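S.K.: A single structure is presented below for examination.
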Amino acid sequence: MLGVIVNVLAIAVGGTLGVLFKKVLSERITQAMMMTLGLATFVIGLQGALKVEKHLLFVISLALGTAIGTIIDIDKYVNMFGDFLKKIFMSKSKNESNEKFAEAFANASILFAVGAMAVLGSINAGLKHDYNILFLKSTLDFVAAVMYASIFGIGVAFSSITILLFEGGIALFSSLLSSLAENDAMMNEFSAVGNLLVMVIGLNLIGATKVKLANMLPSIVVVVILYRLVYV
């Protein structure tokens with residue numbers, strides 16, 4: 001669990017430092033940074049999404065996963081959880097609205113959780129006590145958390161709770177999930193779907209879309225299930 005703990009601390013500390021850094025930024029600079037960060041996030045997601053090979057599987061997984069997420073309305077529950085965290089850990093005097101806190105929490109949780117590094121790193125940590133991937137991810141996440149929190153607030157730091165549950169759960173049950181990491185083709189499709197969600201974060205940041213991103217989350221589970229049913 002060492003790698004998971006380091007990753008969690010990197011996000012929490014980075015997010016906190018980002019909030020402190022935010023106080024020295026003018027609104028004009030913050031807006032410019034938001035646009036730049038949104039475009040950079042979109043490009044990073046695009047690079048990963050373009051690696052898709054099973055195009056029909058990709059489309060069906062996204063469509064079916066989003067339909068499931070919309071029916072359940074995962075976005076509503078993620079926002080409720082974000083509001084719950086804010087009420088517990090933050091005083092009412094804070095200027096940051098519940099909506100903004102929840103949005104930052106949800107977007108950062110998805111950004112830091114979806115992707116091959118989170119899955120492979122956690123499985124390696126659980127099975128082999130090999131923390132190299134998670135240590136590298138922690139470095140990247142620390143920088144990203146500082147940047148995102150400087151724009152969107154302390155909700156980014158609280159996404160470390162999601163990472164603890166997600167990566168910690170994978171590490172604990174790594175023996176059961178090892179087949180996922182060993183199947184490079186499946187991981188490629190999983191990563192492609194996850195990176196499309198990252199693209200959506202970028203589009204939302206620059207104001208091009210207002211997609212309820214959390215409702216798309218089932219897609220990353222659906223793609224794995226469908227791949228195993230059709231190709232394994």
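S.K.: Write out, first by first residue and then by second, each pair whose Cβ atoms fall under 8 Å of each other, whose residues are 6+ apart or on separate chains, and whose first residue, in segment 73-88, is aromatic (Phe, Trp, Tyr) while the second is surrounded by 19 or more Cβ atoms within 10 Å (Cβ to Cβ) and modelled with pLDDT under 85.
M.R.: 81/102
S.K.: Restricting to segment 179-188, and then to whatever is in a helix (DSSP H, G or I) and modelled with pLDDT of 70 or more, can you tell me which residue is farthest from residue 227 (Cα to Cα)? Give the steps one after another, and end with the answer.
M.R.: Keep residues of segment 179-188 that are in a helix (DSSP H, G or I), which gives 179-182, 184-188.
In the following step, the residues that additionally are modelled with pLDDT of 70 or more were identified as 182, 184-188.
Values: 182: 14, 184: 12, 185: 9, 186: 7, 187: 10, 188: 11 Å.
Top of the filtered list is 182.
S.K.: Could we say that residue 227 is over 25 Å from residue 87 (Cα atoms) and aromatic (Phe, Trp, Tyr) here?
M.R.: Judged against the criteria, residue 227 is a match.
S.K.: Of 119, 114, 143, which residue is modelled with pLDDT under 90 and either surrounded by fewer than 22 Cβ atoms within 10 Å (Cβ to Cβ) or touching a Lys or Arg at 6+ places or on another chain (Cβ under 8 Å) (or both)?
M.R.: Unique residue meeting the criteria: 143.
S.K.: Quick check on this structure: which one of 207, 169 is within 18 Å of residue 116 (Cβ to Cβ), open to solvent by 20 Å² or more (accessible area, probe 1.4 Å), out of contact with any Phe, Trp or Tyr (no Cβ under 8 Å at 6 or more places or on another chain) and among the small types (Gly, Ala, Ser)? Break it down into steps so the answer makes sense when it comes.
M.R.: Working: 207 fails: within 18 Å of residue 116 (Cβ to Cβ).
169 is the lone residue from the list that is within 18 Å of residue 116 (Cβ to Cβ), open to solvent by 20 Å² or more (accessible area, probe 1.4 Å), out of contact with any Phe, Trp or Tyr (no Cβ under 8 Å at 6 or more places or on another chain) and among the small types (Gly, Ala, Ser).
S.K.: On the basis of being free of Cβ contacts under 8 Å to residues at least 12 places away in the same chain, open to solvent by 50 Å² or more (accessible area, probe 1.4 Å) and among the polar types (S, T, N, Q), does residue 70 make the cut?
M.R.: Spelling it out, it is not the case that residue 70 is free of Cβ contacts under 8 Å to residues at least 12 places away in the same chain, open to solvent by 50 Å² or more (accessible area, probe 1.4 Å) and among the polar types (S, T, N, Q).
Yes or no, residue by residue, for (1) assigned to a loop (DSSP other than H, G, I, E, B); (2) over 28 Å from residue 70 (Cα atoms):
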residue: 130; (1), (2): yes, yes
residue: 136; (1), (2): no, yes
residue: 158; (1), (2): no, no
residue: 165; (1), (2): no, no
residue: 170; (1), (2): no, no
residue: 190; (1), (2): no, no
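The values are calculated or read from the model by the stated rules, or taken from the named source; none is laboratory data. All figures in this text were calculated on a predicted structure; none of them were measured in a lab. Virtual Cβ from ideal backbone geometry, glycine too; neighbours counted across all protein chains shown. Ligands, DNA and RNA are excluded from the accessible area calculation, which covers all protein heavy atoms including side chains. Shrake-Rupley method; radii C 1.70, N 1.55, O 1.52, S 1.80 Å.
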